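A.B. asks: One structure, as structure tokens, below. Some questions next.
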Amino acid sequence: MTWEEQPPQDTGRLVGATAEGEELAAEAALRPKDLAEFVGQPKVREQLDLVLRAARARGGTADHVLLSGAPGLGKTTLSMIIAAEMGAPIRITSGPAIQHAGDLAAILSSLAEGEVLFLDEIHRMSRPAEEMLYMAMEDFRVDVIVGKGPGATAIPLELPPFTLVGATTRAGLLPPPLRDRFGFTGHMEFYAPAELERVIHRSARLLDVTVSDGGAAEIAGRSRGTPRIANRLLRRVRDYAQVRGDGVVTEEAAARALTVFEVDDRGLDRLDRSVLEALLKLFGGGPVGLSTLAVAVGEERETVEEVAEPFLVREGLLARTPRGRVATPAAWAHLGLTPPPGTPAAGGAQEGLFES
Ligand SMILES: Nc1ncnc2c1ncn2[C@@H]1O[C@H](COP(=O)(O)OP(=O)(O)O)[C@@H](O)[C@H]1O
Ligand SMILES: [Mg+2]
């Protein structure tokens, strides 16, 4: 299947149905294995290094860790590194996978001592499971309910000490009682271009691709501060260099390849641009509600909010206001469009009369 053949509501983010498997396999191959190999995030790395070293020195289990940050910044990778650094096994599950408290009880009661339990998208866990987790985190104990109705009894079950690593794209959504039970919260930041260049050079070595400094810089500049995207773009640029060039990823090859794959010079891809275009062309620059905007681009609310928006907001192209999403003057300029007269983005016709 070529990119062109993908169904229209697949926004061509370079992750189609068939590309999903490639993505997962490639990611697994490129994951740093320990803290020293983990590029960037100097604060989280230093904090985590202290937490883990101290736990190791005490011969105990590390405190529960919450990792918050946008998709693709390295939360899953860090959870595996935590287990590796502690020499502990890791169990991986996610909030949406835990529908009932019983699901969680089954997982918790089968944990080995010191095991790392990675709970991805922890903010999407069900309420009863969440309450069971409170007790498990604090007292290493769960109450298993046997029977129904008035005859139901709670049988307390001791758990071995374990380390919960929770990941969330939005720490603000976690109920305070849950947030407070984590001994340490690492806030993952977007990566600086120089850090992404290091990620790209590292991945290129592992993929056995030759990348010039200029090529790495070109890819880094379009990677939206996100290692997952940097790795993905590197693979597409490699394809291009292989088919249309001599296999070497130069600055020129990278620029041409990313034009073919519709990633522009600021790193906006088709989803980002379709969100901006809908906002500008259909809604005159806003304000418009998130749900309406999502329907207009044929995407899930969450995709628009968690994948496209954080980057657009950070780039100063879109603003979230209480009345809805609003395009900034920079958004009109980036898409080469003229804001309608009288809108704030046009500078406001009336204000112009009284200025200067
Ligand atoms: N600090 C980093 N250094 C090198 N590669 C990284 C780093 N962070 C993430 N990656 C790469 O990006 C990919 C996505 O990271 P992942 O941990 O799955 O992100 P998240 O769980 O936050 O969505 C991984 O395959 C990994 O190779
Ligand atoms: Mg992840």
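The values are calculated or read from the model by the stated rules, or taken from the named source; none is laboratory data. Remember, predicted model here, so these are calculated numbers, not experimental data. Cβ placement follows ideal geometry from the backbone for every residue including glycine, while neighbour counts extend to all protein chains displayed.
A.B. asks: Please find, within the stretch 45-89, the residue that is nearest to ligand 2 (Cβ to nearest atom) out of those that are part of a helix (DSSP H, G or I) and closer than 24 Å to residue 232 by Cα. Walk me through how you get there before you give the answer.
C.D. replies: Kept after step one, since they are part of a helix (DSSP H, G or I), are these residues of the stretch 45-89: 45-58, 75-86.
Narrowing further to those that are closer than 24 Å to residue 232 by Cα: 45, 75-81.
Working: 45: 17, 75: 5, 76: 3, 77: 8, 78: 9, 79: 8, 80: 10, 81: 13 Å.
By that ranking, first place goes to 76.
A.B. asks: If you go through the stretch 239-263 one residue at a time, how many are free of Cβ contacts under 8 Å to residues at least 24 places away in the same chain, among the aliphatic types (A, V, I, L, M) and outside any helix (DSSP H, G or I)?
C.D. replies: So the count comes out to 0.
A.B. asks: Is it the case that some residue within the stretch 176-188 is surrounded by 15 or more Cβ atoms within 10 Å (Cβ to Cβ) and within 16 Å of ligand 2 (Cβ to nearest atom)?
C.D. replies: For the stretch 176-188, residues surrounded by 15 or more Cβ atoms within 10 Å (Cβ to Cβ) and within 16 Å of ligand 2 (Cβ to nearest atom): present.
A.B. asks: May I ask you to list pairs of residues, at least six apart or on different chains, whose Cβ atoms are under 9 Å apart, with the first in the stretch 58-72 being closer than 9 Å to residue 184 by Cα and the second being within 14 Å of ligand 2 (Cβ to nearest atom) and part of a loop (DSSP other than H, G, I, E, B)?
C.D. replies: From residues that are closer than 9 Å to residue 184 by Cα, the pairs are 67/73; 67/74; 67/188.
A.B. asks: Now a separate question. Test residue 222 against the criterion of being touching a Leu at 6+ places or on another chain (Cβ under 6 Å) and surrounded by 19 or more Cβ atoms within 10 Å (Cβ to Cβ), and give yes or no. Give the derivation first.
C.D. replies: Numbers: touching a Leu at 6+ places or on another chain (Cβ under 6 Å): yes; surrounded by 19 or more Cβ atoms within 10 Å (Cβ to Cβ): yes.
Yes; evaluated as a whole, the condition is true for this residue.
A.B. asks: May I ask you to list the residues in the stretch 327-339 that are outside any helix (DSSP H, G or I) and out of contact with any helix residue (DSSP H, G or I) (no Cβ under 8 Å at 6 or more places or on another chain)? Reasoning before the result, please.
C.D. replies: If we filter the stretch 327-339 for residues that are outside any helix (DSSP H, G or I), which is where we start, we get 327-328, 335-339.
Correct list: 336 only.
A.B. asks: Checking residue 142 against (1) under 19 Å from the mean Cα position of the chain (by Cα); (2) modelled with pLDDT under 95: exactly one of these is not met. Which one?
C.D. replies: Failing condition for residue 142: (1).
A.B. asks: Scan the stretch 25-44 for residues that are in a helix (DSSP H, G or I) and closer than 30 Å to residue 183 by Cα and jot them down. Even if it seems obvious, please write down each step before you answer.
C.D. replies: Step one: filter the stretch 25-44 for residues in a helix (DSSP H, G or I), giving 25-30, 35-37, 42-44.
If the condition is that a residue be in a helix (DSSP H, G or I) and closer than 30 Å to residue 183 by Cα, then 27, 28, 30, 35, 36, 37, 42, 43, 44 are the ones that fit.
A.B. asks: Return the residues of the stretch 96-120 that are within 16 Å of ligand 2 (Cβ to nearest atom) and surrounded by fewer than 19 Cβ atoms within 10 Å (Cβ to Cβ); say none if nothing qualifies.
C.D. replies: 96, 97
A.B. asks: Still on this structure, I have one more. With respect to residue 117, determine if the residue is part of a strand (DSSP E or B), within 30 Å of residue 230 (Cβ to Cβ) and of a type in the set (A, V, I, L, M, F, W, C). Working first, answer last.
C.D. replies: Values: part of a strand (DSSP E or B): yes; within 30 Å of residue 230 (Cβ to Cβ): yes; of a type in the set (A, V, I, L, M, F, W, C): yes.
Here the answer is yes, as residue 117 does meet what is asked.
A.B. asks: Select, from 236, 224, 266, the only residue that is touching a helix residue (DSSP H, G or I) at 6+ places or on another chain (Cβ under 8 Å) and in a helix (DSSP H, G or I).
C.D. replies: Numbers: 224 fails: in a helix (DSSP H, G or I); 266 fails: in a helix (DSSP H, G or I).
Just one listed residue meets the conditions, 236.
A.B. asks: Go through the stretch 142-171 residue by residue and tally those that are surrounded by fewer than 21 Cβ atoms within 10 Å (Cβ to Cβ) and assigned to a strand (DSSP E or B).
C.D. replies: Residues that pass the stated criteria total 10.
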